[in-house]
Amino acid sequence: MDREAFQERFGLIGESAALKQVIDKVIQVADTDITILLEGESGVGKDITAKAIHEVSKRKNENMVIVNCGAIPEGIIESELFGHEKGAFTGAHEAREGYFEKADGGTIFLDEIGDTPPNVQVKLLRVLESGEYFRVGSSKMRTTDVRVIAATNKDLWNLVQEEKFREDLYYRLDTVKVKLPPLRERPDDIIPIFRTFVTEFSAKYDSVFKGFSDDAKELLISYRWPGNVRELRNVAEQLVVLEKSQFIDTEKLRKYLKGRQHTGSADNLPMLADQHKNTSSNGAFGDGEQQLIYRALVELRNDISELKKMLGTFLYSTFSQKNLKALPQNIQDEVQHSNMSDLDIDVDDTADEDIGVQSFAEADISEEREEQDEKIFNRFFNTGTIPSIEKTEQFLIEQALQKFEGNRRKASEALGISERTLYRKLDQYDLQ
Ligand SMILES: Nc1ncnc2c1ncn2[C@@H]1O[C@H](COP(=O)(O)OP(=O)(O)O)[C@@H](O)[C@H]1O
Ligand SMILES: [Mg+2]
């Protein structure tokens, strides 16, 4: 298969020399059984490359099992990978096969392999060398025939130096290393990838993209893209949805770039989903994943109101006007400008939920609310694409404000956040 055909087939866009080199190397080794280590920052395309390798390999008609080693709790990773016998530990009511067993004959993709705990690294080394492994709680040796693709966004050699990763396992994995360069090191790819995303999202949202100024184009190319292609994709989607039919200049574009230096929060969601997705190879999000993400969003909301509650109580109980002066000026301002209702610890009825004194009627209401949220959520996300939390938040805020014609009290009520939080977010996202 030649490079163009490969790129076309797997949607790997890019014209830079760096990407071409990577693809040539991948094509060379894909249909052998050799172990491949994909190295690169988050969002550079490790997943998509791993799936492509499996798809062109001799094993393409067998399972590809995807394991996010970083997302599985340390206590269960061994039994997830190798399976367990009935009664092997509390809660092991049934014997269960592990991922290496499921992948027998096919491919196993060990994502974030650098996060594997040391006791499991020994067992990985063994299975990679000889195909041999034991289920947890069993002394019967089993064998499996798997092709291994591993990925890491950490420098594995550094981890070896820090004695967090076994040197022998490192050498075992390092047979063929493919380093996917970050987007900022292949600026030639930025515009072609961006164009493709914009076209894709314009069709999806039935929107028209009016193009962008030369300056904005320059900015796209010179921006650091800490979240790499994943971030570029989010920005393209935001522009298509939120700047519908607007010509994009630097000022508009900057709104979507600034404050996006941290990729943390947006990255957590796919990890959660990956964990659940371990055995699916088609990349689409099933109902289960939607539920997981929904739950993550609800938890996030709960965490935030919990934090607000704690902070409010803390400020209320700790700071008299006198020792308030000991705080930095900006925090003093915050406290002084916020009356109690702003901090959500007011004593009116809406605060009851926050302090945990729910009456039955209120519990019903919040249950109803959750059901309703879930329905809306499912309607939004049944396309299989997961936008970032930030983007979703902005989008929802805009929708609410539109619906209530700019009435912030009603909008915040509908969104289930305090008016104060809404103000902060309007500011944060530069929304008017
Ligand atoms: N060269 C590329 N062309 C088009 N889309 C890409 C490219 N590289 C990555 N992507 C897309 O960017 C997102 C992140 O890629 P992914 O493979 O999940 O990255 P990683 O596993 O390195 O974090 C996915 O939506 C993927 O389809
Ligand atoms: Mg990945």
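The values are calculated or read from the model by the stated rules, or taken from the named source; none is laboratory data. Keep in mind the model is a prediction, meaning the values are calculated, not measured. Cβ atoms come from the backbone with ideal geometry, glycine included; neighbour counts cover every protein chain shown. Each accessible area value is taken on the protein alone, full model and side chains, heavy atoms only, with ligands, DNA and RNA left out. Shrake-Rupley method; radii C 1.70, N 1.55, O 1.52, S 1.80 Å.
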Do you know which of the residues in region 68-94 that are within 16 Å of ligand 1 (Cβ to nearest atom) and part of a loop (DSSP other than H, G, I, E, B) is least open to solvent (accessible area, probe 1.4 Å)?
69
Taking the residues in region 170-228 that are exposed (fewer than 14 other Cβ atoms within 10 Å of the Cβ), without any contact (Cβ under 8 Å) to a residue 40 or more places away in the chain and farther than 20 Å from residue 253 by Cβ as candidates, determine which candidate is farthest from the chain's Cα centre (by Cα).
171
Would you be able to tell me the number of residues in region 387-421 that are under 27 Å from the mean Cα position of the chain (by Cα), open to solvent by less than 40 Å² (accessible area, probe 1.4 Å) and small (Gly, Ala, Ser)?
4
Would you pick out the residues in region 118-128 that are modelled with pLDDT of 95 or more and either open to solvent by 10 Å² or more (accessible area, probe 1.4 Å) or of a type in the set (Asp, Glu) (or both)?
122, 123, 125, 126, 128
Long-range neighbours under 7 Å by Cβ, at least six apart or interchain, first residue assigned to a strand (DSSP E or B) within region 37-48, second among the charged types (D, E, K, R)
37/174; 37/177; 38/46; 39/177; 39/179
Which residues, taken from region 14-67, are under 25 Å from residue 221 (Cα atoms), among the hydrophobic types (A, V, I, L, M, F, W, C) and either away from ligand 2 (no atom under 14 Å from the Cβ) or open to solvent by 60 Å² or more (accessible area, probe 1.4 Å) (or both)?
17, 18, 19, 22, 23, 48
Any chance you could count how many residues in region 226-254 are within 16 Å of ligand 2 (Cβ to nearest atom) and among the hydrophobic types (A, V, I, L, M, F, W, C)?
2
Could you run through region 77-114 and say how many residues are modelled with pLDDT under 95 and more than 20 Å from residue 140 (Cα to Cα)?
2
Of all residues in region 95-104, how many are charged (D, E, K, R) and part of a loop (DSSP other than H, G, I, E, B)?
2
Which ones in region 105-159 are in a loop (DSSP other than H, G, I, E, B), under 28 Å from the mean Cα position of the chain (by Cα) and among the charged types (D, E, K, R)?
112, 154, 155
Residue 5 vs. criteria in contact with a Pro (Cβ under 6 Å, 6 or more places away or on another chain), over 24 Å from residue 130 (Cα atoms) and not in a strand (DSSP E or B):
no
